[in-house]
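See structure below.
Derivation of every value follows stated rules applied to the coordinates shown; laboratory data play no part. Keep in mind it's a predicted model, so treat the numbers as computed, not measured. Counting neighbours? That spans all protein chains shown, and the Cβs are built from the backbone with ideal geometry, glycine included.
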Amino acid sequence: MKKIEFDELQQSRRYLYGYQSFILLLFLLLIDQVISGISTVWAQYPSHAMILVLAGCTYFISRCVWGDALVGPKETPRKMTVRAAIIVLIAVVAAIVGGLALVMSSNGRESAPSHGGGSSLFLYCMVMWAVIGIVYLIKRIRGNKEEN
Amino acid sequence: MSQKDVAETVGVTRQTMNAIENGDYNPSINLCIAICRALGKTLDQLFWEDDSNEKNRV
């Protein structure tokens, strides 16, 4: 696998965002423990941990996108365009599927997030991609405005 | 030479060059030297601050 090279500012930012994501994950786990301590079940066992990890991942990737630390300086513009198209496409699919899952969930045909299982995890994955896509789009729009 | 050209020559992103120029990021000595070489200037000319140079400007 080809190693992606980042410049020194990108590296320092990635370390910072990684540290922040780790602290965020720790606090989420702590809050989860407190919630579990008062006998409130918001998600079943395997999915609740995965959801917390997804939250940390979402934060890290979104921060990297926002801080221009997702791709290295040697990425060509064509590669960047293809990557942007893929991210936007996945985000659109994620938003559609997530919306459908929400509608189905509200109609009672699908298990609610508190019931755990693959469907709720899938829904949270879609939310994660949608958030990343939205952050990417906003960043691109702002970047284009700054360049003009 | 534009900011983008310097960034490409040095091997950093344009955003990194922008952060250095605005004084938001202090580059390493290696990066400073690479920028000086790309622009054909000395470290003193680019990074030394005195009365004639504005503060935090490359």
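Between 0 and 90 degrees, rounded to the nearest ten: what's the tilt of helix B:29-39 against the longest Cα principal axis of chain B?
For B:29-39 against chain B, the angle is about 80 degrees.
Quick one: Karplus J couplings for region A:55-69, per residue in order, coefficients 6.51, -1.76, 1.60, θ = phi - 60°, nearest Hz, x for Gly and Pro?
Ordered by residue, 3J(HN,Hα) equals 5, x, 5, 4, 4, 4, 5, 4, 5, 5, 4, 5, x, 6, 10 Hz.
Using a 10 Å cut-off on Cβ atoms, rank the peptides A:122-135, A:35-48 from the highest mean neighbour count down.
Values: A:122-135: 19.6, A:35-48: 12.7.
The peptides rank, most packed first, as A:122-135, A:35-48.
Which of the chymotrypsin sites (Phe, Trp or Tyr not before Pro) found in region B:6-48 are in a DSSP loop and have at most 14 neighbouring Cβ atoms, other than their own, within 10 Å?
Hits after loop and neighbour filter: B:Trp48.
Counting only C-alpha contacts under 8 Å and six or more residues apart, can you give the relative contact order of region A:12-85 as a whole percent? Before the final figure, lay out the partial values.
Working: 26 pairs, mean separation 34.2, N = 74.
Once divided by the residue count of region A:12-85, the mean separation gives 46 percent.
Taking only DSSP H segments of four or more residues, each worth -39500 (n - 2.57), what value at 222 nm results for chain B once the sum is divided by all its residues, to the nearest 500 deg cm²/dmol?
Working: 4 runs with 32 residues, N = 58.
Theoretical 222 nm ellipticity from helices: -15000 deg cm²/dmol.
What dipole magnitude, in Debye to the nearest 20, does region B:1-42 give about its Cα centre under +1 on Lys/Arg Cβ and -1 on Asp/Glu Cβ?
For this selection, approximately 120 debye.
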